[in-house]
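Heads up: the structure comes next, in structure tokens.
The values are calculated or read from the model by the stated rules, or taken from the named source; none is laboratory data. Computed from a prediction, not measured in an experiment: that's the story for all the values here. Backbone-built Cβ (ideal geometry, glycine too); neighbour counts: all protein chains shown. Areas reflect the complete protein model, heavy atoms only, side chains present, ligands, DNA and RNA absent. Shrake-Rupley method; radii C 1.70, N 1.55, O 1.52, S 1.80 Å.
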Amino acid sequence: MYKEKEDLHAVQKDYYKDNRKMYVAIDCIIFGFDSGNLKLLLFQRKVAPLSGEWSLIGSFVNLDEDVSAAAERVLEETTGLKNVFMEELKVYGAVNRDPGYRCISVGQYALIRLNEYDKELVKEHGAAWYDVNELPPLVLDHGQMVKDALAKLKQKARFQPLGFELLPEKFTIPQLQSVYEAIFQKELDTRNFRKKVFSHNVLVKLDEKDKTSSKRGAFLYKFDRKRYKRLIEQGNDFEVL
């Protein structure tokens, strides 16, 4: 199939051949959550220029794939995960953004569960998780991409249940609150948070407890996506603040 697509592009007439070419890349801002902290997946760049320096994980877009498909490919190749929350951030196209050659990049941010990704794949790529507040210097405009992605995440998490994308399928209310505190970078009033979250009726209480932090334990919950869908259809938001 890939060979057929490659041959198709080889014989396709180039109506724009008299114009200079440029590269199109995608860069993935991959967030995870662990021990109360929001994490970012980085790796040491393997190609010149700037090889060996810390970078977001990305790739050039192939001729035979959509931009979104390129982002999904990079995510799967690096973490082994499919069908995770991923959304386009913005296009970065400053003329001198990349000393390698004229190149525009489409930023894509993703939220993954750290109990599900392939640790061996991440290790093979030389990638590592960093606390978003303790990042090393990043190449090119990747630092700006991270800032933009964090701002976008805060904006959307106020009205959409993005916090659940960072948690295991079963979680406690304190764990859920901890995720939102990490996203918004501030402590939340426990009573108000619980009241707000339960008011949406999208949590299913389980007959199980997490006893890792105390003998008494805390009840586990699951996110009910069907109920959330009905909530949205009724014109409501999942407001947490």
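Here the label points at residue 22 and residue 196, each 7 Å from Cα along the C-beta direction, are separated by 4.0 nm in the simple model.
Between residue 147 and residue 124, residue separation times 0.36 nm minus the direct Cα-Cα distance comes to 5.6 nm. Amide H contacts of residue 114: 33, each under 5 Å away and 5 or more positions distant or on a separate chain (H built 1.01 Å from N in the peptide plane; Pro and chain starts excluded). Amide H to amide H, with H built 1.01 Å from N, residue 53 comes under 5 Å of 45, counting only residues 5 or more places away or on other chains.
Here residue 104 and residue 156 are evaluated by their C-beta separation; at R0 = 25 Å the FRET efficiency comes out at 0.55. A simple rule links phi to the HN-Hα coupling: the Karplus curve 6.51 cos²θ - 1.76 cosθ + 1.60 with θ = phi - 60°, which for region 107-120 gives x, 10, 9, 9, 10, 10, 8, 6, 8, 10, 6, 7, 5, 5 Hz, with x for Gly and Pro. Here the Karplus relation 6.51 cos²θ - 1.76 cosθ + 1.60, evaluated at θ = phi - 60°, turns the backbone of region 170-185 into coupling constants of 10, 8, 9, 5, x, 5, 5, 4, 4, 4, 5, 5, 5, 5, 8, 6 Hz, with x for every Gly and Pro.
Write out the GluC sites (Glu not before Pro) in region 94-129 meeting two conditions: DSSP loop, and at most 16 other Cβ atoms within 10 Å of their Cβ. Answer by residue number: 116. In region 141-241, which GluC sites (Glu not before Pro) fall in coil by DSSP and have 16 or fewer other Cβ atoms within 10 Å? Counting only loop positions with at most 16 other Cβ atoms within 10 Å, the GluC sites (Glu not before Pro) in region 141-241 are 169, 187, 239. On the beta carbon distance between residue 226 and residue 88, with R0 = 35 Å, the FRET formula returns roughly 0.85. The candidates 55, 68, arranged from most to least accessible area with a 1.4 Å probe in the full protein assembly, appear as 68, 55.
A crude spin-label estimate for the pair residue 210 and residue 76, with each label 7 Å from Cα along the Cβ direction, gives 3.0 nm.
Taking amide H positions as modeled 1.01 Å from N, with prolines and chain starts lacking one, the residues under 5 Å from residue 27 and 5 or more places away or on another chain are 106, 107, 108.
Between residue 95 and residue 64, the simple label model (points 7 Å from Cα in the Cβ direction) yields a spacing of 3.6 nm.
Among the listed pairs 123/211; 82/226; 46/123; 196/222; 82/196, those with a Cα-Cα distance over 26 Å are 123/211; 82/196.
For the chain, modelled as a GNM whose springs connect Cα atoms under 10 angstrom apart, the maximal fluctuation among 73, 225, 113 occurs at 225.
Here Kirkwood radius over Cα pairs in Å was calculated from the structure, and among (i) 20.0; (ii) 20.7; (iii) 17.7 it sits at label (i).
Extension gain, residue 237-residue 35: 0.36 nm per intervening residue step, less the Cα-Cα distance, totals 69.9 nm.
Along region 89-105 the Karplus relation, 6.51 cos²θ - 1.76 cosθ + 1.60 evaluated at θ = phi - 60°, assigns HN-Hα couplings of 8, 5, 9, 10, x, 4, 4, 9, 5, 10, x, x, 4, 4, 8, 9, 10 Hz to successive residues, with x for each Gly and Pro. Computed about its Cα centre, the charge dipole of region 1-146 is approximately 400 debye, with only Lys, Arg, Asp and Glu carrying charge at their Cβ. Potential lengthening of the chain between residue 12 and residue 186 amounts to 57.2 nm, from the contour at 0.36 nm per residue minus the alpha-carbon distance.
Can you tell which of 96, 183, 50 lies farthest toward the positive end of the dipole of the chain, using +1 and -1 charges on the Cβ of basic and acidic side chains (Lys, Arg; Asp, Glu)? Selected residue: 183.
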